[in-house]
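First the structure, in the form of structure tokens, and then the observations on it.
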Amino acid sequence: MIRAGLTTERLTRAGADLADEVGFEQVTVSALARRFDVKVASLYSHVKSSQDLKTKIALLALEELADRAADALAGRAGKDALTAFANVYRDYAQEHPGRYAAAQLKLDPEAAAASAGGRHAQMTRAILRGYDLTEPDQTHAVRMLGSVFHGYVSLEMAGGFSHTGVDSQESWAWILDSLDALLRNWTTP
């Protein structure tokens, strides 16, 4: 019998909250069952395994990020859009470190195709249209932006910038200014 109140969505959100508290790698069906004070078996009608739970959390995180990014981009173009988009990722990672880690999970092709990952790529390409990049430069730029955003956020969250007196926000702004200048002045070699 399914325990009243347990749904796949509720368990996924609770798993995402747990990831933010203890780290994405520590999320398991057993840990989630303890949170609800139920036996592990009572969760299996909603999640198949810890990997299935992690996939559901990843899909939730990608959706949340895409929704935030879409809201932040509305009515913006050029550097304003680039900055808003970048700040969504950084802010989300700081507010939800476990969910952010989940968003990096490698999904199987079917889950990836059904995820909000495509929306992220579409929004990034929409921003880049304002810089008048053509292929293959646009694809290179999508990868560059993702790498810079994720790399900076990951290093910052790991305390990598705490050894200097220069504020990490100042560096973040400098990086975004530099990316904007690079994209505005890009010429194919």
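Relative to the first principal axis of the alpha-carbon coordinates of the chain, what is the inclination of helix 137-157, with its axis defined by its Cα atoms, in degrees from 0 to 90 and to the nearest 10?
Once rounded, one gets 60 degrees.
Based on DSSP H runs of at least 4 residues, each adding -39500 (n - 2.57), what is the mean residue ellipticity at 222 nm of the chain after dividing by all its residues, to the nearest 500 deg cm²/dmol?
Details: 9 runs with 129 residues, N = 189.
Roughly -22000 deg cm²/dmol at 222 nm, from the helical runs in the chain.
Given the Cα-Cα distance of Thr187 and Gln138 and 0.36 nm per residue of separation, how much length would full extension add, in nm?
Taking Thr187 through Gln138 to full extension adds about 16.5 nm, to one decimal.
Relative contact order of the range 22-114, please, whole-number percent, based on alpha carbon pairs below 8 angstrom and at least 6 residues apart.
In percent, rounded to a whole number, it is 33.
Trypsin sites (Lys or Arg not before Pro) within the range 83-189: which are DSSP loop residues with at most 13 other Cβ atoms inside 10 Å? Show your work: numbers first, answer last.
Values: sites: Arg90, Arg99, Lys106, Arg119, Arg125, Arg129, Arg143, Arg184; in loops: Lys106.
Within the range 83-189, the qualifying trypsin sites (Lys or Arg not before Pro) (loop, at most 13 other Cβ atoms within 10 Å) are Lys106.
Can you list the aspartates and glutamates whose alpha carbon is less than 13 Å from that of Lys106, not counting same-chain residues fewer than 8 positions off?
By straight Cα distance, Lys106 reaches Asp52.
I'd like to check one number: the per residue accessible area of the chain, probe 1.4 Å, reported in Å² as a whole number.
Accessible area per residue: 55 Å².
Relative contact order of the chain: what whole-number percent is it, with Cα pairs under 8 angstrom and at least 6 residues apart?
Relative contact order comes out at 22 percent.
Any idea what the dipole of the chain comes to, in debye rounded to 20, about its Cα centre with Lys/Arg Cβ at +1 and Asp/Glu Cβ at -1?
Numbers: 20 positive and 24 negative charges, 132 e Å.
Magnitude of the dipole: close to 640 debye.
Evaluate the chain: find the radius of gyration of its Cα atoms, find its Kirkwood radius, and give the ratio Rg to Rh.
Looking at the chain, the ratio lands at 1.04.
Please determine, in degrees from 0 to 90 and to the nearest 10, the orientation of helix 168-184 with respect to the longest principal axis defined by the Cα atoms of the chain, where the helix direction is its Cα long axis.
It is inclined by approximately 60 degrees.
Carbon-plus-sulfur fraction of the accessible area of the chain, 1.4 Å probe, in percent?
54 percent
Grab the beta carbon distance between Ser147 and Ser171, set R0 = 22 Å, and tell me the FRET efficiency rounded to 0.05. Each step should come with its number before you reach the end.
Numbers: r = 16 Å, r/R0 = 0.73.
The calculated FRET efficiency here is 0.85.
So how compact is the range 114-189: Cα radius of gyration and Dmax in angstrom?
14.4, 44
The range 1-82: Rg/Rh from Cα coordinates, Kirkwood Rh?
Details: Rg = 16.0 Å, Rh = 14.0 Å.
Dividing the radius of gyration by the Kirkwood radius yields 1.15.
The values are calculated or read from the model by the stated rules, or taken from the named source; none is laboratory data. Only a predicted model underlies this, so the values are computations on that prediction, with no experimental measurement involved. Note that we place each Cβ from the backbone using ideal geometry, even for glycine, and neighbour counts take in every protein chain shown. Each accessible area value is taken on the protein alone, full model and side chains, heavy atoms only, with ligands, DNA and RNA left out. Shrake-Rupley method; radii C 1.70, N 1.55, O 1.52, S 1.80 Å.
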